[in-house]
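For reference, the structure discussed in these notes is given below.
Read the figures in this text as sums done on the coordinates, not as results from a lab. Quick caveat: nothing in here was measured; it's all calculated off a predicted structure. Here the Cβ positions follow ideal geometry from the backbone for every residue, glycine too, while neighbour counts run over all protein chains shown.
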């Protein structure tokens, strides 16, 4: 028995229109919409091959490289990671959202910044549509009727794919600057003397895990050929975003800064002199991330290493050295 019967012509035409709404979010179709018959037995067969999210994270934990440790020590670490598996994002759209603080955008005057969108090559339309749809689906952004409007720009990444950014230079020019300091890297690295074990935690799209204050969301509005949108979560490009995120990290881990962890924006290094001490400190970090609703990207985390790379430096029990890059 068909699960979806063939749709009549008017329904197909409606699906091919510019917008469709799901859970109060508007999606820009990335291409021609088609409707086909799907039978229940085919859905059942597909679901049998589907790997649940929790299982996917558990598989990554089982595969984590803990080779510097003994077998019994590895078991303790994996048990700890399983205990806090909810801290690790399953996919790119699986982000946390802290309630500890939000990002404000205080302005020097109230005249809205309004710019037209810049021309985008038609060959890049699909990439922009796809990115907007992903952000809408995960509620990182929403549709906007704001008087503000900043243009998007496309930046090519190392792998050749495109990253969509927003040019907030005009908005930043009239934003009152936050003087909260970022750590001096050289000074913080000096605190690692005597450490023998290191773990690194990389938060998943860290900025996007901080909400923008509701009253200021309209100021983040950006224009595209497909409409006007604004950010629910803090985007890259805002002049005070680094200060906001560093303040968040300090509130969460400030009592442990330079004693058991190093903090620089969304990069966290845990250090210790013994395995037992490292287990305690790792659990402290995982517990606080869980309590504050933040998620880390497991594939970019490393655990119990005698040597790690951090902010252009190689950190080991022998000290700190500059990381060399092969061009």
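Given a Förster distance of 45 angstrom, what is the FRET efficiency for residue 142 paired with residue 179, based on the Cβ-Cβ distance and rounded to 0.05?
So, using R0 = 45 Å, E works out to roughly 0.90.
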>> Give me the one-decimal nm value for the distance between modelled label points at residue 167 and residue 114, 7 Å along each residue's Cα-to-Cβ direction.
In response: 1.9
> So, by mean Cβ neighbours within 10 angstrom, what's the order for 164-171, 311-318 with the highest one leading?
Replying inline: 164-171, 311-318
>> Could you compute how fast the stretch 52-185 diffuses translationally, taking Rh as the Kirkwood radius over C-alpha pairs and applying Stokes-Einstein at 10 °C with viscosity 1.306 mPa s? Give it in µm² per second.
In response: 81
>> Within the stretch 232-251, name every residue whose backbone N is under 15 Å away from a label modeled 7 Å from Cα of residue 153 along the Cβ vector.
In response: 236-239
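Please tell me the relative contact order of the stretch 178-327 in percent, rounded to the nearest whole number, where contacts are Cα pairs under 8 Å and at least six residues apart. Present the calculation step by step, with values, prior to reporting the outcome.
Working: 211 pairs, mean separation 53.4, N = 150.
So the answer I get is 36 percent.
When only Cα pairs under 8 Å and 6 or more residues apart are kept, what is the percent relative contact order across the stretch 62-214? Numbers along the way, then the final one.
Details: 103 pairs, mean separation 52.7, N = 153.
That works out to 34 percent.
Using 0.36 nm per residue of separation minus the Cα-Cα distance, give me the extension gain between residue 316 and residue 72 in nm, one decimal.
On the way: separation 244, 0.36 × 244 = 87.84 nm, distance 2.32 nm.
That pair, residue 316 and residue 72, stretches by 85.5 nm at full extension.
Apply 1/(1 + (r/R0)^6) to the Cβ-Cβ distance of residue 62 and residue 309, taking R0 = 22 Å, and write down the FRET efficiency to the nearest 0.05. List each step's numbers first, then the result.
Values: r = 24 Å, r/R0 = 1.10.
That pair, residue 62 with residue 309, gives E of 0.35.
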> Any idea how far apart residue 275 and residue 130 come out in nm if each label point goes 7 Å out from Cα toward Cβ?
Replying inline: 4.4
> For residue 215 and residue 193 in one chain, what is 0.36 nm times their gap in residues minus the Cα-Cα distance, to one decimal in nm?
Replying inline: 3.4 nm
>> Quick check on the stretch 239-327: what are the equivalent-ellipsoid semi-axes from the Cα gyration tensor, as sqrt(5λ), descending, whole Å?
In response: 22, 19, 12
> Simple spin-label model, 7 Å along Cα-to-Cβ: residue 250 to residue 107 in nm?
Replying inline: 2.7
